[in-house]
Amino acid sequence: MRICFSLLVAVLLAAPVSAQETFKQVWVTQSDSGDVVRGRLVELSRESLVLLTPDNRRVEMPIGSVLRIEARGDSLKNGAAIGAGVMAGLTLLGCAGLGDAGGYCARAAAINTVFGAVLGVGIDAMNGGRSTLYKKEAPAKSASVGFKFRW
């Protein structure tokens, strides 16, 4: 039973085999229309971005019209850490009211921490695994005060 569980955790926490290849695929959100263009990054300069779409079209976009660039490559480690932390914290809060159940609480905290890590990895994997590489900053808003008098 332990071997199966250990194997399951190792498979869930393992990095993708072709991490370098999947990182090249990007999703570009255009600021003008809000459309998302998916493809492989071919060229990137200060003025433009060139993608090769899955249907082998070359799409060139000016950098000024790019709102966001996302790529595959989100690590599942943060999901494991968050899940483990939440479950460990909840278990320790629950054990605080039990008093002298130290051995029971230590086992429960260990088991629930591992369960939380596996659950966190699963939730993070369902997220789609995209990392934001570039996001256009919002233009600075200027504050102004206006008064209008009518007689």
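The values are calculated or read from the model by the stated rules, or taken from the named source; none is laboratory data. Bear in mind the structure is a predicted one, so any value in this text is a computation, not a measurement. Here Cβ is always computed from backbone atoms with ideal geometry, including for glycine, and neighbour counts include all displayed protein chains.
Structural remarks
- Pick from the range 10-56, criterion outside any helix (DSSP H, G or I) and modelled with pLDDT under 80, ranking: farthest from D124 (Cα to Cα): K24
- Subset tally (residues that are hydroxyl-bearing (S, T, Y) and either at pLDDT below 70 or assigned to a helix (DSSP H, G or I) (or both)) for the range 108-150: 3
- Among the residues making up the range 24-77, a single one is in contact with a Phe, Trp or Tyr (Cβ under 7 Å, 6 or more places away or on another chain), β-branched (V, I, T) and without any contact (Cβ under 8 Å) to a residue 24 or more places away in the chain: V36.
- Residue that is in contact with a Leu (Cβ under 8 Å, 6 or more places away or on another chain), part of a helix (DSSP H, G or I) and surrounded by 16 or more Cβ atoms within 10 Å (Cβ to Cβ), where the choices are C105, C95: C105
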